[in-house]
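Have a look at the structure below before the remarks.
The values are calculated or read from the model by the stated rules, or taken from the named source; none is laboratory data. Predicted, not measured: the structure shown is a model, and the values here were computed from it. Neighbour counts are summed over all protein chains in view; Cβ atoms, including those assigned to glycine, are modelled from backbone coordinates with ideal geometry. Calculation scope for accessible area: heavy atoms of the full protein, side chains included, ligands and nucleic acids excluded. Shrake-Rupley method; radii C 1.70, N 1.55, O 1.52, S 1.80 Å.
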Amino acid sequence: MSERKARTGKAQKVRYAVVGLGYISQIAVLPAFSHSRENSEVTALVSGDPAKLKRLARKYRIGHTYSYEQYADCLASGNVDAVYIALPNHMHRAYAEPAARAGIHILCEKPMAFEEAECEAMIAEAEKAKVKLMIAYRLHFERGNLQAIQVVNSGKIGEPRIFTSSFSQQVRAGNSRLKKDIGGGPVYDLGVYCINAARYLFRAEPDEVFAWHSGEDGDRFREVPATTTAMLRFPGDRVASFTCSFGAADRSVFEVIGTKGVLRMDPAYEMVEALKSEISINGKTSKQVFRRRDQFAAELVYFSGCVLHGQDPEPSGREGLADVRIIQAFLQSAETNRPVKIRTTDVSRRPTMTQEIARTAVTKAPQLVKAAAPGKE
């Protein structure tokens, strides 16, 4: 574990500081520690809101709390081995790099950062400090998506040729996801799932993209587009396309069309409901339901295992870089109304069924403290 040792008792545990106490931390990350107790525990909270710190520390019996200004004290305290960064996109680098320099391992929410250069800097700092860096792609540990990867690459539906996807939700005015300067917009928040799915299903990187923005104007979407539609050209005459939106009804689906059949996941990306797959070949259709699980606990168990056993995680920082590089190309394409070629990211590992981790789903949604779902006030 770099130069520090995890707490030992009957079993080793990685001690986490959760940095940022917004919606995702409260609804998913903090509850997940109750399902990852074998190797993970939360020992510190970091937030700019004293009320959140007080109430959540009391609720989860966490002994150490810090403001953002006290982050360096948190890292130097000896009470944490890793940080879970759940901050707005533009803040990821500023909190990842000091952690690395302090010898603290980093589990960072996706997208990895706001810009490509920030991702590269985070990777370099983690490598220099010899700490583990993982990007929180929860579906890399979820059975439905992992099985889809297996099916597509088994040849069961023939050669995969076309990927299509839709991911949408209504986001209320005033939500931070609608602020441009902190990395808001549907392509950063939702499109990253579609990009990542196309990449892990095709087992390849795109070489050219084209994108455009659309949707309603007005107060809600003054800074970011309501909708982004994108196309990605992959080697081997394969193409992916998707639409992501903050101004449409809830939808989460992808489809892979092969030379012999079709695989469909609907819903595909959800964290709070069962996922469903449908495979159609020669007029015969088979369906499967993947029951809801605690996808965040799976991330914690996996990353803590990597820390404790000195293994390099998948999804790595380079996985995060690949998606942000594509997002940046989308934004350039939408601005210029032209296709944009992409410098290929060297990603040596892809998710496989060996990464599946099953943990019981959170049964009761926690009461939120000064936080709300994107579609709620």
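Computing FRET efficiency as 1/(1 + (r/R0)^6) for Val262 and Arg233, where r is the C-beta to C-beta distance and R0 is 25 Å, gives about 0.75.
Taken over the alpha carbons of region 137-276 as equal point scatterers, the Debye sum produces base-10 log I(q)/I(0) values at 0.11, 0.12, 0.20 Å⁻¹ of -0.41, -0.48, -1.16. Accessible surface of the chain, 1.4 Å probe: 47 percent of it comes from carbon and sulfur atoms. Taking only the Cα atoms of the chain, the radius of gyration and Dmax are 20.1, 62 Å. Each residue of region 255-262 was assigned a 3J(HN,Hα) from its phi angle through the Karplus expression (A = 6.51, B = -1.76, C = 1.60, θ = phi - 60°), giving 9, 10, 9, x, 6, 10, x, 9 Hz with x at Gly and Pro. If you take all other residues with their beta carbon under 14 Å from the beta carbon of Arg292, and give Lys and Arg +1 and Asp and Glu -1, the sum is +3. Compared with the direct C-alpha span, the chain from Arg203 to Ala117 gains 28.6 nm at full extension, assuming 0.36 nm per residue. The simple spin-label model puts a point 7 Å past each Cα toward its Cβ; for Ala358 and Thr336 those points are separated by 4.9 nm.
Distance check, please: which entries in Lys13/Lys110; Lys132/Lys156; Lys52/Lys276; Lys59/Lys287 exceed 32 angstrom between their Cα atoms? Too far apart for the 32 Å limit: Lys132/Lys156; Lys52/Lys276; Lys59/Lys287. DSSP beta bridges in the chain, what fraction antiparallel, as a percent rounded to 5? Around 60 percent of the beta bridges assigned by DSSP in the chain are antiparallel ones.
Straight-line cross-link partners of Lys260 among the aspartates and glutamates, defined as a Cα under 13 Å from its Cα and at least 8 positions apart when in the same chain: Glu159.
Taking trypsin sites (Lys or Arg not before Pro) across region 299-377, the ones in a DSSP loop with at most 14 further Cβ atoms lying within 10 angstrom of their Cβ are Arg343, Arg349, Lys364, Lys370, Lys376. Converting phi to 3J(HN,Hα) with the Karplus coefficients 6.51, -1.76 and 1.60 and the offset θ = phi - 60°, region 74-83 yields 4, 5, 8, 6, x, 9, 9, 10, 8, 10 Hz in sequence order, with x at every glycine or proline. Find out how many positive minus negative residues lie around Gly258, taking Lys and Arg as positive, Asp and Glu as negative, among other residues whose Cβ is under 11 Å from that of Gly258. Summing Lys and Arg as +1 and Asp and Glu as -1 gives +2.
Modelled spin-label separation between Gln311 and Lys54, with each label point placed 7 Å from Cα along the Cα-to-Cβ direction: 4.3 nm. For Glu278, the shell of other residues with beta-carbons less than 10 Å away shows a net charge of +1, using +1 for Lys and Arg and -1 for Asp and Glu. Annotation for region 300-373 versus region 9-49: alpha-carbon center distance of 18 Å. Taking 14 Å as the straight-line reach from the Cα of Lys370, the aspartates and glutamates in range (excluding those fewer than 8 positions away in the same chain) are Asp49.
Fully extending the segment from Arg172 to Lys287 would add 37.9 nm, taking 0.36 nm per residue of separation and subtracting the current Cα-Cα distance.
Applying 1/(1 + (r/R0)^6) with r as the Cβ-Cβ distance of Ser214 and Ala94 and R0 = 22 angstrom yields a FRET efficiency of 0.10. Label separation (Ala76 vs Ala249): 5.6 nm, computed from points 7 Å beyond Cα along the C-beta direction.
A cut-off of 5 Å between modelled amide H atoms, ignoring neighbours fewer than 5 places along the same chain, links His64 with Leu45. Within region 248-307, the trypsin sites (Lys or Arg not before Pro) that combine a DSSP coil assignment with at most 15 other C-beta atoms in a 10 angstrom radius are Lys260, Arg291.
The slack between Glu38 and Asp181, meaning 0.36 nm per residue of separation minus the straight C-alpha distance, is 47.6 nm.
Residue-wise HN-Hα couplings along region 187-200, as the Karplus relation 6.51 cos²θ - 1.76 cosθ + 1.60 with θ = phi - 60° gives them from phi, are 6, 6, 7, 10, x, 4, 5, 5, 4, 5, 5, 4, 5, 7 Hz; Gly and Pro carry x. Close amide H partners of Gly184, meaning residues 5 or more places away or on another chain with modelled amide H under 5 Å apart, are Lys179. Magnitude of the charge dipole for region 220-377, about its Cα centre and with charges confined to Cβ atoms of Lys, Arg (+1) and Asp, Glu (-1), is about 280 debye.
Under 5 Å between amide hydrogens, built in the peptide plane, is the criterion, and for Arg161 it picks out Ile257, Gly258, Thr259 among residues at least 5 positions away or on other chains.
Mean sequence separation of contacting Cα pairs (under 8 Å, at least six apart), scaled by the length of region 285-365, corresponds to a relative contact order of 48 percent.
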